[in-house]
Structures are given as structure tokens and as C-alpha cells.
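K.L.:
Attaching a single structure in C-alpha cells format; questions to follow.
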Amino acid sequence: MKNKAQAIRDVQYFGEEGGVVPAIDHAATSTFLNPQDMEKVFSGELQGCYLYSRHTNPTVNAFSKKVAAMEGFEAALGVASGMAAITCAVSQVMMGGGHIICSNTIYGGTYALFANILPKQNIEVTFVDPSKPEEFKKAIKKNTKLIYTEMMSNPLLAICDLKEISKIAKSKNIKLMVDNTFSPLIFTPKDFGADIVIHSCTKYISGASDLIAGVICSSEEFIGELIDVNTGCAMLYGPVMDSRVAYELFSRLDHLPVRMKAHGQAARYLVDRLNDEGIDGVTYPALSSHPDHEVFKSMQNSEYGAGAIITVDCKTSVNAIKMAKKLQEEKFGLFAVSLGFSRTLMSCPAASTSSEIPEDQRTAIGLKDGLLRLSIGIIGDNEVLADKFIAAYKDIIGT
Ligand SMILES: *Cc1c(COP(=O)(O)O)cnc(C)c1O
């Protein structure tokens with residue numbers, strides 16, 4: 001299997017005059033020298049032509065090819081946001097209605113889409129515990145078309161056993177779609193049977209918290225369906241990726257491998273220091289105390305570590321908020337949702353990114369009100385930052 005960093009590196013595009021980076025193709029539309037060719041593009045007879053940028057754009061294509069190489073897929077499609085990636089891919093698979101089996105520990109926005117909107121569009125959703133593959137099997141119905149899960153869940157960092165889940169999906173010809181936003185490079189879901197992998201590129205792939213974007217990776221066939229001029233959900237709902245954004249992400253992908261390693265090292269350092277201090281309630285998949293640690297190890301690309309995200313149980317929501325406030329004052333990090341930024345971000349999921357999940361559901365999946373989620377950045381002195389965190393913890397929560 002090709003090393004992932006090498007796969008990213010090997011996708012090269014040059015500027016028109018030999019520049020080491022491609023030019024941004026700003027054009028909204030492309031000229032045809034032969035009018036018959038345009039007809040053929042619309043009828044599907046002629047492929048590979050640039051027509052109109054909601055359909056295909058050379059810069060978006062360049063970015064998409066690099067992500068596809070990283071995820072080991074034939075093709076990919078950059079779109080306007082992570083939610084656009086989810087909405088378009090799910091709508092394409094579920095056209096005409098049917099049933100989805102979905103992990104119950106997913107991003108709040110995805111949960112809201114699946115719980116509040118899809119059921120009104122003739123799409124039924126059953127939520128199951130991702131750590132119990134047999135629950136996916138039990139939930140299968142005649143009209144089940146899709147299994148949806150997050151590789152590393154938000155914010156509980158549950159790792160789904162994709163090998164087992166994909167066996168179940170394949171045995172019934174059900175498509176398997178995976179949100180890999182929390183674990184680019186750490187996991188390659190395609191290797192374990194995923195048919196479609198999406199990312200919110202707003203997070204690690206951007207790394208700079210300065211844009212919103214998403215990507216869908218799959219077969220040439222499925223990506224082709226998404227941009228079909230008559231029936232493609234990406235083409236017809238229209239949440240396109242702008243070529244300027246595609247260019248930014250194209251160049252940032254080159255250093256994603258280095259950034260992922262650095263995030264993993266910085267997070268691991270803090271986790272180890274907290275452990276040395278006897279602070280418990282720390283969740284991180286690389287710890288042997290993590291409930292899914294063995295599953296994590298069985299699928300990880302180990303050179304990329306375990307990512308930036310750690311959660312610390314501060315016992316009460318009041319404590320969690322006090323911690324975040326103090327740590328922001330101490331310049332440990334920024335109190336903001338999102339993740340994968342070069343600086344540390346802190347949030348209290350129960351009151352923010354997971355608030356869409358009803359309280360009883362949050363309790364059922366173990367999402368405590370006192371949870372503080374940290375996305376550990378890659379800049380600064382790890383030792384100084386750990387000292388700040390430990391001092392704040394002792395001050396607010398005690399020893
Ligand atoms: C942020 C996020 C999304 C949504 O992505 P946007 O780019 O904000 O639309 C989806 N899934 C996960 C796991 C996320 O963290």
C-alpha cells in the first residue's frame with residue numbers, strides 16, 4: 001500500500017508557464033470551439049470537458065484528485081461545506097426514499113439533518129451504538145440503502161469497528177458512508193470497506209480556520225452520478241466549491257501529513273502530563289484505557305498518531321465553562337467551536353456542537369455536561385501549555 005503522504009505528493013499540477021503550483025481557474029464557464037460538442041456534453045456522450053463551474057472546474061478537480069489519492073479512492077468532489085458533502089451524498093444514495101442505519105454518536109448538525117429533515121422526506125433513520133456492529137445488523141430492513149457512521153466520533157472519540165460494519169453492509173448490498181473529518185490520514189476507511197468517505201475540510205484539511213469546505217470521495221461512477229446534469233444532487237442542489245477555496249486547500253494538503261503528526265504529538269504530550277498528575281476523566285483513543293483502543297490500533301495508520309482532540313471531564317458544566325474561560329485568559333487556547341486549527345480550540349459540546357442531540361440521548365451515549373473538548377494546536381511550547389492547563393485544573397476542579 002502506498003504511503004499516504006507520498007500519494008498526496010504524487011498528484012502534481014503546474015502553472016501554465018511551468019510554475020510549481022497551478023493557476024487558479026476563475027472561469028465560471030468555458031468556451032466550445034464546436035457547438036456540437038456542447039450538445040454532446042449535455043447528452044452525456046462527451047465527457048471530460050469543462051462546461052460550467054457548478055459542474056466541474058479545473059482547480060476544484062486538482063484539489064479533488066489529491067484528496068482522492070489520500071483516501072485511496074478513484075475520484076472525489078470538492079463542495080461548499082462538510083454539510084453539503086453529507087447532504088448531497090446522502091440524497092444521491094437515498095433518492096426515492098428508504099431507510100438509513102446511522103451511528104448515534106455523530107456531529108450535531110448531521111444528527112439534526114437525519115433526525116429532523118430526512119424523516120420528512122420519506123427517509124427513515126435508525127440510530128444505533130457504533131461500538132456494537134451487531135446492532136447495525138439487527139436494524140437492517142428490506143429498504144435499507146445506507147449505513148452511515150463517523151470513523152472517530154464527535155465529541156466522544158468512539159472508534160467504529162468498520163471492518164465488522166462493512167461485512168454487514170456488503171452482505172446486504174448496502175452502501176457504507178463514513179465521515180472521516182476527525183481522522184484524516186489516521187484512518188483510511190476505504191481499506192476497511194467504505195464506499196463513500198466525506199470530510200468537512202473546514203477542520204484539519206484547512207488547518208487555518210479561515211474557510212468552509214467539504215469533499216466527497218468515492219468511485220468514478222458515484223462522483224459522476226453526483227454531477228449528472230439531469231439527476232446529480234451536487235449539480236442540481238448546487239453547493240459548489242469556489243475555485244479560490246479549492247486552490248487554498250490544494251496547497252494545504254501537502255502539509256497535512258506533517259500537521260497531523262504534530263497535532264498527535266502535542267495532544268499526546270498533554271494527555272501524558274495529565275496522567276502523570278493523576279487527573280482522570282481524560283479521553284484519547286491512543287490511551288489503553290479508551291474503550292475502543294484495540295479497535296483504534298487495529299485500523300490506524302500509526303505514523304499519524306491519534307489526532308488533536310482530547311476531552312476532559314470537568315464534572316459539571318459550570319466547571320467546564322470556568323476552565324475554558326480561564327484557559328482563554330491564560331492564552332492556552334481559544335474558546336471556539338471547530339477543530340484542526342493551528343491553535344488550540346476549546347468548547348463544551350453539551351452546550352454547543354452537540355446541543356442538537358436531545359438531553360436524554362446525550363445521557364444515553366455518555367456525552368456528559370461537564371465535558372470540555374480540546375483540539376490541541378501545533379504551535380507553542382507543549383510544556384508551557386501543559387503547565388497552564390494543569391494549574392487551571394487544580395485551581396478550578398481540585399486535585
Ligand atoms: C464540522 C463537521 C461537519 C460539518 O462540516 P461543515 O464544514 O461545518 O459544514 C460534519 N462532520 C463533522 C464530524 C464535523 O466535525
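K.L.:
Considering all projection directions equally, how large on average is the shadow of the alpha-carbon convex hull of the stretch 138-270, in square nanometres?
P.N.:
Mean orientational projected area (the stretch 138-270, Cα hull): 10.0 nm².
K.L.:
Given a cut-off of 20 Å, name the pairs among Lys4/Lys145; Lys261/Lys315; Lys167/Lys261; Lys4/Lys175; Lys40/Lys66; Lys141/Lys172 whose C-alpha atoms lie farther apart than that in the structure shown.
P.N.:
Beyond 20 Å: Lys4/Lys145; Lys261/Lys315; Lys167/Lys261; Lys4/Lys175; Lys40/Lys66.
K.L.:
In nm, give the distance between the simple-model label positions of Leu46 and Met95, each being 7 Å from the Cα along the Cα-to-Cβ direction.
P.N.:
2.4 nm
K.L.:
For the chain, what is the accessible area per residue in Å² when the probe is 1.4 Å?
P.N.:
Spelled out: the 1.4 Å probe surface of the chain, per residue, equals 44 Å².
K.L.:
Ok, one more. Of all the C-alpha pairs in the stretch 1-105, what % are more than 19 Å from each other?
P.N.:
Distances greater than 19 Å cover 62 percent of the Cα pairs.
K.L.:
Of all DSSP beta bridges in the stretch 256-396, what percent run antiparallel (nearest 5)?
P.N.:
Close to 85 percent.
K.L.:
Sticking with this one: Roughly to the nearest percent, how much of the accessible area of the chain is carbon and sulfur, given a 1.4 Å probe?
P.N.:
Answer for the chain: carbon and sulfur cover 51 percent of the accessible area.
K.L.:
If you don't mind, another one. Suppose every Lys and Arg Cβ carries +1 and every Asp and Glu Cβ carries -1, with no other charges. What dipole size does the stretch 4-253 come out with about its Cα centre, to the nearest 20 debye?
P.N.:
For the stretch 4-253, the charge dipole is close to 820 debye.
K.L.:
Thr316 to Asp228: extension gain in nm, 0.36 nm per residue of separation minus the Cα-Cα distance?
P.N.:
26.7 nm
K.L.:
How much length would be gained if the chain were fully extended between Asp395 and Gln12, taking 0.36 nm per residue of separation minus their Cα-Cα distance, in nm to one decimal?
P.N.:
Stretched out fully, the Asp395 to Gln12 stretch lengthens by 132.7 nm.
K.L.:
Another question about this same structure. Please compute the Kirkwood hydrodynamic radius of the stretch 299-338 from all pairs of different C-alpha atoms, in Å with one decimal.
P.N.:
One over the average 1/r among Cα pairs gives 12.2 Å for the stretch 299-338.
K.L.:
Quick check: pseudo-label points 7 Å beyond the Cα along Cα→Cβ at Thr363 and Gln36, how many nm apart are they?
P.N.:
Between Thr363 and Gln36, the simple spin-label model gives 7.1 nm.
K.L.:
Quickly work out the Ala115-to-Ser298 label distance, labels modelled 7 Å from Cα along the C-beta direction, and quote it in nm with one decimal.
P.N.:
Reported label-point gap for Ser298 and Ala115 is 2.9 nm.
K.L.:
Let me ask another. How compact is the stretch 4-253 by the rule of thumb for globular proteins, expressed as Cα Rg over 2.2 N^0.38 Å?
P.N.:
Against the empirical 2.2 N^0.38 Å value, I get 1.02 for the stretch 4-253.
K.L.:
From the convex hull of the Cα coordinates of the stretch 37-178, what is the mean projected area in square nanometres?
P.N.:
So the mean shadow area of the Cα hull is 9.9 nm².
K.L.:
What is the spread of the Cα atoms of the stretch 293-383 along each of their three principal axes, largest first, in whole Å?
P.N.:
37, 35, 20
K.L.:
So what J values fall out for the stretch 145-160 if you push phi through Karplus, 6.51 cos²θ - 1.76 cosθ + 1.60 with θ = phi - 60°, rounded to Hz, Gly and Pro as x?
P.N.:
The phi angles translate into 10, 8, 10, 10, 8, 9, 5, 10, 7, 9, x, 7, 6, 5, 9, 7 Hz.
K.L.:
Here's a follow-up. Lys132: which aspartates and glutamates have alpha carbons under 19 Å from its alpha carbon, excluding same-chain residues fewer than 8 sequence positions away?
P.N.:
Those aspartates and glutamates meeting the cut-off are Glu150, Asp161, Glu164, Asp179, Asp292, Glu294.
K.L.:
Sticking with this one: Where both partners of a DSSP beta bridge lie in the stretch 4-253, what percent of those bridges are antiparallel, to the nearest 5?
P.N.:
The antiparallel proportion sits near 40 percent.
K.L.:
Counting Lys +1, Arg +1, Asp -1, Glu -1, what net charge surrounds Thr283 among other residues with beta carbon under 12 Å of its beta carbon?
P.N.:
Around Thr283, the charge tally is -1.
The values are calculated or read from the model by the stated rules, or taken from the named source; none is laboratory data. Not measured: the values here are computed from a predicted model. For neighbour counting, all protein chains shown are included, and Cβ atoms are generated from backbone atoms with ideal geometry for every residue, glycine included. Ligands, DNA and RNA are stripped out before the accessible areas are found, and what is left, the full protein with its side chains, is counted by its heavy atoms. Shrake-Rupley method; radii C 1.70, N 1.55, O 1.52, S 1.80 Å.
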